[in-house]
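FYI, it's all coordinate maths here, none of it is from the lab. Because the structure is predicted, anything quoted here is derived from the model rather than measured. Positions of Cβ are generated from backbone atoms using ideal geometry, with glycine treated the same way; all protein chains shown enter the neighbour counts.
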Amino acid sequence: MAVSTVRAPGRLPGAPPARRTMPRRVRLRRNLTVLSFIAPALVGLALFLGYPLLASVYFSFTKFDLVNPPEWVGLRNWAFLRDDPNVRTAAANTLWLVVVMVPARMLGAMCTGLLLARFRSGAGIYRTLFYLPALAPPVAATLAFVFMFKPGTGPVNTMLATVGIEGPLWFNSPEWAKPSLVLLALWGVGDLMIIFLAALLDVPKQLYEAAALDGANAWQQFRAVTLPAISPVLLFAAVTGVIQTLQYFTQAAVAASVASGQATTGGGISSTFGYPEKSTFTYPLWLYVAGFRYGALGYANVLAVVLFLVAIAVTAILLRRFRAFLGSDQ
Amino acid sequence: MLLFVARHSVAIALSLMFLTPVFFLVLTSFMTANQSLTSNLWPTSWHPENYVEVFARTPLPRYLLNTTVYAVLATLFMLLASVPAAYALAKLRWHGRSLTLVAIVCMMMLPPQVTTVPLYLMWADWGLTGSLWPLILPMLLGDAFSIFLLRQFLVTIPDEYLDAARVDGCGEWGTLVRVVLPMARPGVAAAAMFQFFYAWNDYYGPLLYTSENESAWTLSLGLASFRSLHAVQWNLLTAATLLTMLPVVLVFFFAQKAFVQGVTLTGVKG
């Protein structure tokens, strides 16, 4: 398209490119240069985005497993989607997590971020401490939480007992398993907090001073100054939060497997998935189990296509704000 | 003054809450197996040999080696392909650039489970399932999130520096290597660290490709499968959990500043 590499003497910076008059040979060389930078990524997009998406749609109309080749079955897999009780449970669990976990994490990040933004000095050590758990490998963090919230003798219920509260069964209770996962997600809220903190520190001080002069109290200042100023970051956090929660897999699989106390093999999860009573059985978990443990690869692709449609719809919200999102030069 | 005390009290209380799980993990990791099943929170006797026991019970060095190979190679390969791609998206003008950027964002936002089955079959055809290569080799073609992150960083570098290099006769590759890369060091460091930690912490990928082949397991996979025959031995499991967390914490403390900068960068400043 335009020319930033051509060393045209006298061309003013930002002047319209002299594309039409550029000799073909020069243009070809330029295109080859660009290609040398971007070609691997383009191949990557084709191979790891384009191909699997198309293949997924095709496979969703076929029946096959890891041994037998795909065999066309028309809409049979898609029809099964309607009668599959697992997909209903799994989608409901994932929806529950989206509705509770995403706002909880945003609220947690906002509160800790607001607190840290108030410190003139000494925020460093707090910031590090709040942030560190976000770094813990998810498997390790999940194990830590299943241990902490062990019913009976776990530290949390032991401490609750000393103040006379009988703690719930947490990861071993169908009602409390998902809320326990939310607590785990809040423990790792540090990454989002850092993003919120940066946005909060970017809000011009004069706006607060002006609002204070107008007699706005703290809450009014927050509503009228802070929220609008950080709204792009809020949108970003909401969208990426939903996307992350749509793929919520590791913590649910590990928590179920460890809390059930059953021996599993191969990092195996199929015998324990969803424990207790499928309360932690998320949509991606079902996709994995249906495809790779039950060998219903055709049906797994139906689940994949549906997940893709949902994810792309959420991403579209973000892309509509493309300009704000990607910077000013688009 | 009152406000000062109040803020610090809240912050200290929160810090304690964030630290509590690790505190109890450490205590339990020194207990006997029997004591770790009681509600005693403080060890009645200290057993550092639990950590030795973990090494004896599991091929931990093997897991550590696999995880390190995965994380280091994935990071190096990612940088090789993603830095030039990000440069082309940020600083070169060409047909289809916006479209490519949209595709990159879509790929970044795509849950990995969507493409799992076709990609698994592809790697199975190439005979690479049962190893970590299906997670490492794609990085030679770049990683969507890293490309996006690097691109966000590179657009903030003023064009004047690049133009100066071009006038001095640097080709585009020369400009990238000699002028842009030195200026983009924090961005590159952040992208590298994200990739490293992503690979280090990854569970889904190794589970998918290596669950049948224990010799290729990573720390996360090994930890998730760490069980004694009868019951969960919490004293050993907590020790193993802490050993898995340790490398990440060490790396963080050595590179804290770049890391925090990097997280901020992902937050997309409008």
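Brief remarks on what is shown
- Computed from point charges on the beta carbon alone (+1 for Lys and Arg, -1 for Asp and Glu), the dipole magnitude for the protein assembly as shown about its Cα centre is near 2040 Debye.
- For the protein assembly as shown, alpha-carbon Rg and Dmax in angstrom: 25.6, 85
- Two tests apply to each whole DSSP H helix in chain A, Cα reach of 30 Å or more along its axis and mean Kyte-Doolittle hydropathy of at least 0.0, and the ones passing both are A:85-117, A:297-320.
- Cross-link partners of B:Lys91 among lysines (Cα-Cα below 23 Å; sequence separation of 8 or more within a chain): B:Lys269
- Diagonalising the gyration tensor over the Cα atoms of region A:77-326 and scaling each eigenvalue by 5 before taking the square root yields semi-axes of 37, 26, 14 Å, largest first.
- C-alpha long axis of helix B:144-154 to longest principal axis of chain B, angle in °: 60 degrees
- Between A:Leu201 and B:Trp173, the FRET efficiency from the beta-carbon distance, with R0 = 45 Å, is close to 0.75.
- Considering region A:108-153 at the alpha-carbon level, its Rg and Dmax are found to be 14.2, 43 Å.
- Cross-link reach list, aspartates and glutamates versus B:Lys257, counting only Cα pairs under 19 Å and skipping chain neighbours closer than eight places: A:Asp191, A:Asp202
- Cβ crowding within 10 Å ranks A:Trp96, B:Trp126 as B:Trp126, A:Trp96, fewest other Cβ atoms first.
- For the pair A:Asn31 and B:Asp125, a Förster radius of 41 Å applied to the C-beta separation gives a FRET efficiency near 0.80, rounded to the nearest 0.05.
- As a length-normalised measure over Cα pairs under 8 Å and 6 or more apart, the relative contact order of chain B settles at 31 percent.
- Magnitude of the charge dipole, chain B, Cβ model with Lys/Arg +1 and Asp/Glu -1, debye to 20: 500 debye
- Number of partner chain Cβ atoms within 10 Å, mean per residue of A:50-63: 3
- Inter-part distance where region A:276-318 and region B:242-258 are each reduced to a Cα centre, Å: 33 Å
- The calculated FRET efficiency for the pair B:Asp163 and A:Asn68, based on their C-beta separation and a Förster distance of 51 Å, comes to about 0.30.
- Region A:77-326, relative contact order [Cα under 8 Å, separation at least 6], %: 27 percent
- Rg to Rh, two decimals, where region B:60-225 supplies the alpha carbon set and Rh follows Kirkwood: 1.05
- Cα centroid separation, region A:169-205 to region B:170-200 (Å): 30 Å
- Bridgeable aspartates and glutamates around A:Lys278 (alpha carbons under 13 Å apart, same-chain partners fewer than 8 residues away excluded): A:Glu175.
- Highest-MSF residue in chain A out of A:Ser36, A:Ser56, A:Ser231 [GNM, Cα springs under 10 Å]: A:Ser36
- Given charges at beta-carbon only (K, R positive; D, E negative), |dipole| of region A:77-326 in Debye: 380 debye
- Farthest positive-ward along chain A dipole, Cα basis, beta-carbon charges - from A:Leu75, A:Ala46, A:Ile230: A:Ala46
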